[in-house]
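For reference, the structure discussed in these notes is given below.
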Amino acid sequence: MKKITLSLAMLSLLTFPSFVIADEEGSDFSWLDKNTWSVEASGELMSKIGVFTEKGASNNPKLDSARNPDEHDSGDLFRSEVTAKLFLNQTVGDATSWHGELQFNRDGNGVEGYDASRLYSQFDWLRELYVDTKEGKMSWRLGKQQVVWGKADGVKFLDIINPTDFRHWGQDNMADSRIPLWMITGEYAIGDTDSLQVVYVPQTDITNQIPGLYNPEKGDQGQLFVPKGMDTMLGRTNGFMNIG
């Protein structure tokens, strides 16, 4: 089975007008320490399309050609993904703000569990929701978030606080493949460039999402990025578990 390994991506950035509530005469917004406050909203619409370059065998019913139920033809789509994101930001007072990210995902060629939004995956509908606040040298972030430790191109040595969704393996950037978790982070500034960070993550049961292990009973049959080793163990057709 041969296919284009890098999908065609179409990206469109949509900016919506901010929503503003003014402190009119008679309104009590004194606790905000400002005369006006606003929620800034912006959006992103992305489509990713992958095409087979040759005909071949298929175990995904959504990819079956009309001519042969177990094959795909050259030119057939193996990925038709649409993602819509909504970003919300608001500053409350001088030291507090909050951020939210909602997303809707749909892949017309994805198998069950990979065809739409799913909690605690790369396609979680509530991507992020956290509050930032600061007092003196101490800053806090509370809510669903990503924490990135270290920086390297293509590898993750210290960046292990958030689990990873490997549904597309190397085709997704790290910011998209991380699975945000509910946590509390505190950071104390030391001098002008250094800081001490403490992270509390109560969700210890959320792990990496690996194709083939999301639904072991079905072996994620038809998911195009299931590793060969995982398919050998759990695959519905020739997997060791099902043969046994």
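The values are calculated or read from the model by the stated rules, or taken from the named source; none is laboratory data. Note that the structure is predicted; figures quoted are calculated from it, not measured. For neighbour counting, all protein chains shown are included, and Cβ atoms are generated from backbone atoms with ideal geometry for every residue, glycine included. Note: accessible area is taken over every heavy atom of the protein model, side chains too, but ligands, DNA and RNA are not part of it. Shrake-Rupley method; radii C 1.70, N 1.55, O 1.52, S 1.80 Å.
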Would it be correct to say that Leu102 is assigned to a strand (DSSP E or B), at pLDDT below 65 and out of contact with any helix residue (DSSP H, G or I) (no Cβ under 9 Å at 6 or more places or on another chain)? no
Cβ-Cβ under 9 Å pairs, at least 6 apart or on other chains, region 70-97 side hydroxyl-bearing (Ser, Thr, Tyr), far side open to solvent by less than 50 Å² (accessible area, probe 1.4 Å) and in a loop (DSSP other than H, G, I, E, B): Ser80/Gly108; Ser80/Asn109; Ser80/Gly110; Thr83/Phe123
Which pairs do you get when a residue that is aliphatic (A, V, I, L, M), found in region 160-189, comes within reach of a residue that is in a strand (DSSP E or B) and open to solvent by less than 20 Å² (accessible area, probe 1.4 Å), reach meaning Cβ atoms under 7 angstrom, with the pair 6+ apart or on two chains? Ile179/Thr164; Ile179/Asp165; Leu181/Lys144; Met183/Gln145
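Each row is one residue, and each column tells you yes or no for (1) touching a Gly at 6+ places or on another chain (Cβ under 6 Å); (2) surrounded by 15 or more Cβ atoms within 10 Å (Cβ to Cβ); (3) among the aromatic types (Phe, Trp, Tyr).
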| residue | (1), (2), (3) |
| --- | --- |
| Asn59 | yes, yes, no |
| Leu63 | no, yes, no |
| Glu71 | no, yes, no |
| Glu81 | no, yes, no |
| Leu102 | no, yes, no |
| Asn105 | no, yes, no |
| Gly108 | no, no, no |
| Val111 | yes, yes, no |
Hey, could you check region 147-193 for residues that are in contact with an Asp or Glu (Cβ under 6 Å, 6 or more places away or on another chain) and open to solvent by 70 Å² or more (accessible area, probe 1.4 Å) and say which is nearest to Gly100 (Cα to Cα)? Val148
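Residue by residue, here is whether (1) aromatic (Phe, Trp, Tyr); (2) modelled with pLDDT of 90 or more; (3) touching a Lys or Arg at 6+ places or on another chain (Cβ under 7 Å) holds:
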residue	(1), (2), (3)
Ser121	no, yes, no
Gln146	no, yes, yes
Lys151	no, no, no
Phe157	yes, no, no
Asp165	no, yes, no
Met183	no, yes, no
Asp192	no, no, no
Hey, could you check region 126-146 for residues that are touching a strand residue (DSSP E or B) at 6+ places or on another chain (Cβ under 6 Å) and assigned to a loop (DSSP other than H, G, I, E, B) and say which is most open to solvent (accessible area, probe 1.4 Å)? Lys137
